[in-house]
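All of the numbers you see were taken from the coordinates with simple rules; none came from a lab. Just so you know, these numbers come straight off a predicted model, no measurement behind them. Neighbour counts run over all protein chains shown; Cβ positions are idealised from the backbone, glycine included.
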Amino acid sequence: MSSVDRDDGEMLIEAVLGDITTQDVDVVVNAANSSLLGGGGVDGAIHAAAGPDLLAACRELRRTTLPDGLPVGDAVATPGFGLAARWVIHTVGPNRHRGQTDPVLLSSCFARPLELAVELGASSIAFPAVSAGVYGWAVEDVARIAVGTVRVWQEGVAAGGPGPEGIELVRFVLFSAGALDAFRAQLDRA
C-alpha cells in the first residue's frame, strides 16, 4: 500500500509500508545515534542487514573524521555492504526527550541526506520516519516536516535552484499503518 506525490517530469515522492533494509534503492537513510555504532529500531535493523562491515566503516569514521560522533541534524555516507542499497546515509535525529524540539534540526535530517545522495550520484533514496518512536516526535510532525522538506527541494529544482538534482525517487518507508497514514495525509495535501 502506498501513497504517491508526482507531477509529470517531477521527482516521485511515495510512502510505503515495509522494511527499509530490503528496499531496492541507491540510498537507504539510517536513523542513527550520534555514536554511529548501531542501536535499536531502524539503526539496529540496518546494521544487522548490512553486516559487520557497516560497523567497521562507522568505527573508521569515528576514528578519523567524527571522533565526537555525528551531530544532530547532520549526515554521513557509508557503503551499503550487505544491503540492496549501494549506500547508507546515516543521520541523527533530534531527541524530544532531551529537549531537542527544533523542527529545523529534524528538517535537516531529510535535507542533508538528499544533498549527500546528489553528491553520490544516486537517483533513489529511502527514508524512515526519523525521530518518530523512541526519540519522542509525533509521527504526524515527522511526516509534515519530512514531506515539506522534500517538497521544498523538489520546488527548488523546478525553479532552477538548488535541490535534489538527479534524484528521481524519494520513498518514505514506514514501520506501521499509523505512520503510513500520517505520511499519506501529508502527500495528499496540495
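For the reader, a short list of remarks on this structure follows.
- Relative contact order of the chain, defined on C-alpha pairs under 8 angstrom at six or more residues apart (%): 29
- Between 0 and 90°, nearest 10: helix 41-50 axis offset from the chain longest Cα axis: 70
- DSSP-defined beta bridges in the chain - what % are antiparallel, rounded to 5: 30
- Summing Lys and Arg as +1 and Asp and Glu as -1 over all other residues whose Cβ lies under 13 Å from the Cβ of V25 gives a net charge of -3.
- For the chain, the longest principal axis of the Cα atoms and the long axis of helix 177-187 meet at an angle of about 50 degrees.
- Full-extension gain in nm, H97 to E10, via 0.36 nm per residue minus C-alpha separation: 27.6 nm
- Computed log10 I(q)/I(0) for the chain at 0.11, 0.18 Å⁻¹: -0.42, -1.21, from the Debye equation with unit scatterers placed on every C-alpha and solvent omitted.
- Under 13 Å, Cβ to Cβ, from S124 - net charge with Lys/Arg +1 and Asp/Glu -1: -2
- Check: the chain dipole with +1 on Lys, Arg Cβ and -1 on Asp, Glu Cβ, in debye: 600
- Helix 103-120 and the longest principal axis of the C-alpha atoms of the chain enclose an angle of approximately 80°.
- Modelled spin labels at A84 and D19, positioned 7 Å past Cα toward Cβ, are 1.1 nm from each other.
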